[in-house]
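The structure appears below as structure tokens.
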Amino acid sequence: MVPTTARNKKMVADTPNETLSQLLARLSWSGERLAREICRVLGEGAVHPTAPYKWLKGHRPRRDDVRQAIAFVLSQAGSHPITVGDLWPGCTPQGSRLIPATEGMEVPWTLAGTLAIVHDWLLGGLMDRRVFMAVGGSALTQLAWTAVNTEPARLAAALGGGQVGAILIKQVEETIPRLRQLDDQQGGGGANLTYVNAQFQAVGQLLKMAEHGGSVTRRLLVALAELGQLAGWMAADAERHGMAQRYYLTALRAAHNASDKALGANVLSMMAFNAATRQIPTDAISLGTAAVEMAHRGPGIVQALVASRLTYGYALVGDAEHFHAAYGRSRELAEHPTGHRPRWAYYVSPQFVDNASGYYQVSLARACSHNSRRHFGNAVTLLTPEATAAPDYPYQRDALLSGTALVRAHLGLGELEQACEMGRTALERLSHVHSPDCLTSLRRVADELRARKANPYVREFSAELDRRLQMATAASSG
């Protein structure tokens, strides 16, 4: 005879979760889609792809952070709050480390407000155990447009030099370009992001120590903004999108307080790119438009950069007219730039704009019901130079991503042998690049190849790709 407690547990487990089922149906999400969204918040492999089907049957996730992540992603996607208690009545959070990326960011756009945010970073320290969850919609875009529409206060002259000297600031400024080279070559995986975070926090500490005003404060704010922008880019590359947003929002405030609109526009355009990579085109277009607005009186090379990133959002919605208009303007500005070139815009060139356009046109081709072959063909033409660059090319991570996009473009054209050839070229870079985002791009290629395994070229390359991905995944998790 089955004990009463065991029968009761079985009854609970066998009672379907109608609330969760209705929410997924409203969003047209499968169980696998919910699992992917949770992994975007908690990290790759946080839940098994089929775990949501157990939850739909009535099982409750054992981990508190998983339950909170489910409520969070459903709230974000449905644009109205969902609590853990709504999904599992009587279940309350147990003080999880999960925090929205915008938590505490609603402070005034003043130097004091930025220092309060810096203080929060410093309290977390180098071993910050919080997990920042990526947000979308007005919670993110309103902050961006506030930066565009708010004029920064002029920094008053400092009363003294404080404890931060010119030699130390110069050392900080000279370190940042070398950190960018680290990202260009290897990406945001491994210990790279940890090291850049340490530099970010060190500058935050210096900013707190400095006399608040004058050139010392401004130079520290610019350094903090540049490091926050770099850390955000690397965090996104490591698929830690909530952390990326928090870095970006901190960098945006620092650039605002330093009255550096060009740097602020660059940060906004990176936020737009991040939204596009997460397949949220409305946020990508809103953030990209804000970046263009902020940059419109700035250096031509910055205008070229932000216009280029705006095209990604247009590609996702299949808006070919606005895509090509923004691409044309970006190309012209990059070819004939006016004004000075900020040091962080060292990589922007006509070739950069072309390559980015090729990368985005793969998405445009998939979103368009007509002219898809033309867009795929454009992508092949524009991506091939970087995807086939030599092993000493300084942007190896970008070359790998261009290679995966080129494979998908060839697949879109039905050119299977060329796709496999380009895939092998991309794989050769994998041993030198530490980028979870690159691994995700290669997994996407692997998924698309599986439907074409009847082809001998595809069958042979798929086996090689799967083997290399297993090795890379094991290495990154070990």
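The values are calculated or read from the model by the stated rules, or taken from the named source; none is laboratory data. This one's a predicted model, so the numbers in the text were calculated from it and none came from an experiment. Ideal geometry is used to build each Cβ from the backbone, glycine not excepted, and the neighbour counts take in all protein chains shown.
Quick rundown of the values:
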{"item": "Only listed residue being under 15 Å from the mean Cα position of the chain (by Cα), hydrophobic (A, V, I, L, M, F, W, C) and within 22 Å of Leu305 (Cα to Cα), chosen from Met270, Met243", "result": "Met270"}
{"item": "Residue in segment 35-54 that is modelled with pLDDT of 90 or more and farther than 30 Å from Gly189 by Cβ present", "result": "yes"}
{"item": "Residue that is under 21 Å from Ala166 (Cβ atoms), surrounded by 18 or more Cβ atoms within 10 Å (Cβ to Cβ) and touching a Phe, Trp or Tyr at 6+ places or on another chain (Cβ under 9 Å), where the choices are Leu227, Leu220", "result": "Leu227"}
{"item": "Of the criteria (1) surrounded by fewer than 24 Cβ atoms within 10 Å (Cβ to Cβ); (2) more than 18 Å from Gly125 (Cα to Cα), which one Tyr195 fails", "result": "(2)"}
{"item": "Scan of segment 328-358 for residues that are farther than 27 Å from Ile176 by Cα and of a type in the set (Ser, Thr, Tyr), ordered by number", "result": "Ser357"}
{"item": "Residues of segment 174-219 classified as in a helix (DSSP H, G or I) and either under 16 Å from Asp128 (Cα atoms) or within 25 Å of the chain's Cα centre (by Cα) (or both), total", "result": "26"}
{"item": "Thr384 vs. criteria within 20 Å of Phe352 (Cα to Cα) and under 26 Å from the mean Cα position of the chain (by Cα)", "result": "yes"}
{"item": "Tabulated pairs, segment 54-78, first over 11 Å from Pro93 (Cβ atoms), second assigned to a helix (DSSP H, G or I) and polar (S, T, N, Q), C-beta under 8 angstrom, 6+ apart or interchain", "result": "Leu56/Ser21"}
{"item": "Which listed residue is modelled with pLDDT of 95 or more, out of contact with any strand residue (DSSP E or B) (no Cβ under 8 Å at 6 or more places or on another chain) and among the acidic types (Asp, Glu), from Glu226, Glu211", "result": "Glu226"}
{"item": "Conditions (1) at pLDDT 90 or above; (2) among the polar types (S, T, N, Q); (3) assigned to a helix (DSSP H, G or I); (4) closer than 17 Å to Arg278 by Cβ; number of the one not met by Gln22", "result": "(4)"}
{"item": "Residue that is surrounded by the most Cβ atoms within 10 Å (Cβ to Cβ) [pool: residues in segment 202-217 that are of a type in the set (Gly, Ala, Ser) and touching a helix residue (DSSP H, G or I) at 6+ places or on another chain (Cβ under 6 Å)]", "result": "Gly204"}
{"item": "Filtered residues of segment 356-374 (kept if aliphatic (A, V, I, L, M) and surrounded by fewer than 19 Cβ atoms within 10 Å (Cβ to Cβ))", "result": "Ala367"}
{"item": "Of all residues in segment 385-406 being buried (at least 18 other Cβ atoms within 10 Å of the Cβ) and out of contact with any Ser or Thr (no Cβ under 8 Å at 6 or more places or on another chain), the one that is farthest from Met422 (Cα to Cα)", "result": "Tyr395"}
{"item": "Selection within segment 78-103 - surrounded by 14 or more Cβ atoms within 10 Å (Cβ to Cβ) and either touching a Leu at 6+ places or on another chain (Cβ under 7 Å) or closer than 17 Å to Phe200 by Cβ (or both)", "result": "Ile82, Leu87, Ala101, Thr102"}
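Okay, residues lined up against (1) closer than 18 Å to Glu239 by Cα; (2) surrounded by fewer than 13 Cβ atoms within 10 Å (Cβ to Cβ); (3) touching a Leu at 6+ places or on another chain (Cβ under 9 Å); (4) at pLDDT 95 or above:
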site: Arg408; (1), (2), (3), (4): no, no, no, yes
site: Val433; (1), (2), (3), (4): yes, no, yes, no
site: Arg444; (1), (2), (3), (4): yes, no, no, no
site: Ala451; (1), (2), (3), (4): no, yes, no, no
site: Tyr457; (1), (2), (3), (4): no, no, yes, no
site: Ser462; (1), (2), (3), (4): no, no, yes, no
site: Arg468; (1), (2), (3), (4): no, no, yes, no
site: Ala472; (1), (2), (3), (4): yes, no, yes, no
site: Ser477; (1), (2), (3), (4): yes, yes, no, no
